[in-house]
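Taking it in order: structure first as structure tokens, then the write-up.
The values are calculated or read from the model by the stated rules, or taken from the named source; none is laboratory data. This is a predicted model, so every value here is computed, not measured. FYI the Cβ positions are ideal-geometry reconstructions off the backbone, even for glycines, and counts take in every protein chain you see.
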Amino acid sequence: MQTEHVTGKEAGKVMLYALSTCGWCRKTRQLLNDLGIAYDYTYVDLLSGKDRDEVIEAVNKWNPEGSFPTLVINDNKCVIGYKEDEIRENLK
């Protein structure tokens, strides 16, 4: 899977599945940046073929509706959509 890494303070494994054209995805990335959190992200709409299939499968495991943004924290918590308070709470 193709991901980009953003450096910052460690808060566990943080993975953001997003769309490059999504305003809520952009706000989620900005919040993570403002918090100074290290995270990985991928723009699902920019992937193709096997990479895209793998990412869609990973998103569906956490979010069967397949909506974005989908933020997975430490492989055991998931925040679907832009929910600032929930994101902040789960990153403590």
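Test Met15 against the criterion of being surrounded by 13 or more Cβ atoms within 10 Å (Cβ to Cβ), over 12 Å from the mean Cα position of the chain (by Cα) and outside any helix (DSSP H, G or I), and give yes or no. Taking the combined requirement at face value, the residue does not satisfy it. As a summary of the residue check, Gly66 satisfies the conditions (1) part of a helix (DSSP H, G or I); (2) of a type outside the set (Phe, Trp, Tyr); (3) at pLDDT below 95 except for the one numbered (1). Within region 42-67, the set of residues being under 16 Å from Gln2 (Cβ atoms) and of a type in the set (Phe, Trp, Tyr) comprises just one member, Tyr43. Is there a residue in region 70-80 that is among the aliphatic types (A, V, I, L, M), in a helix (DSSP H, G or I), closer than 21 Å to Gly12 by Cα and in contact (Cβ under 8 Å) with a residue 40 or more places away in the chain? Scanning region 70-80 turns up no residue that is among the aliphatic types (A, V, I, L, M), in a helix (DSSP H, G or I), closer than 21 Å to Gly12 by Cα and in contact (Cβ under 8 Å) with a residue 40 or more places away in the chain.
Residue by residue, here is whether (1) surrounded by 15 or more Cβ atoms within 10 Å (Cβ to Cβ); (2) more than 12 Å from the chain's Cα centre (by Cα); (3) of a type in the set (A, V, I, L, M) holds:
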site: Lys50; (1), (2), (3): no, yes, no
site: Glu54; (1), (2), (3): no, yes, no
site: Lys61; (1), (2), (3): no, yes, no
site: Cys78; (1), (2), (3): yes, no, no
site: Lys83; (1), (2), (3): yes, yes, no
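Looking only at residues of region 18-43 that are within 17 Å of Glu89 (Cβ to Cβ) and part of a strand (DSSP E or B), we find that the one that is nearest to the chain's Cα centre (by Cα) is Tyr39.
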